[in-house]
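The values are calculated or read from the model by the stated rules, or taken from the named source; none is laboratory data. These numbers come from a predicted model, not from an experiment. All Cβ positions, even for glycine, are placed from backbone atoms using ideal geometry, and neighbour counts span all protein chains on display.
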């Protein structure tokens, strides 16, 4: 089974039907069929929540949160070990702290990181990336 770690960029592309959303939809479809596992770290879920509320309002945010639950995405916790891994990545690379949780989660779960955010180019040697 293929494991995919969606970062907030990828899921927001899907939610807003922006370029690249078709690749995310294919991963989510595979996940619902049981041939792949789509994951999202809870920290990146927080990014999606505040971004959607800021851009589109409270009601749209509530709709998105409910729909994420229906998509079959596994929400990964921010364990102490993951926090330490993310902090180590943050110390080594010039990237947002939330993005380091996506990288650390992808490494921990041997997952392909799904993103279009160029900030991740600097960690291509650490994790497989599916660019959308």
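In the stretch 75-96, the count of residues that are closer than 16 Å to residue 117 by Cα, modelled with pLDDT under 95 and loosely packed, with under 13 Cβ neighbours inside 10 Å is zero. For residues that are in contact (Cβ under 8 Å) with a residue 12 or more places away in the chain and farther than 15 Å from residue 11 by Cβ, tally how many sit in the stretch 116-128. Within the stretch 116-128, residues that are in contact (Cβ under 8 Å) with a residue 12 or more places away in the chain and farther than 15 Å from residue 11 by Cβ number 6. Restricting the first member to the stretch 9-27 and to residues that are without any contact (Cβ under 8 Å) to a residue 60 or more places away in the chain and on the phi > 0 side of the Ramachandran plot, and the second to residues that are surrounded by 17 or more Cβ atoms within 10 Å (Cβ to Cβ) and in a helix (DSSP H, G or I), no beta-carbon pair is closer than 8 Å while six or more apart or on different chains. Checking the stretch 52-59 against the condition returns no match, with no residue being surrounded by 16 or more Cβ atoms within 10 Å (Cβ to Cβ) and modelled with pLDDT of 95 or more.
Condition check ((1) at pLDDT below 95; (2) closer than 20 Å to residue 100 by Cα; (3) assigned to a strand (DSSP E or B); (4) within 15 Å of the chain's Cα centre (by Cα)) across all residues:
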| site | (1), (2), (3), (4) |
| --- | --- |
| 9 | no, yes, no, yes |
| 17 | yes, no, no, no |
| 23 | no, no, no, yes |
| 27 | no, no, no, yes |
| 30 | no, no, no, no |
| 40 | no, yes, yes, yes |
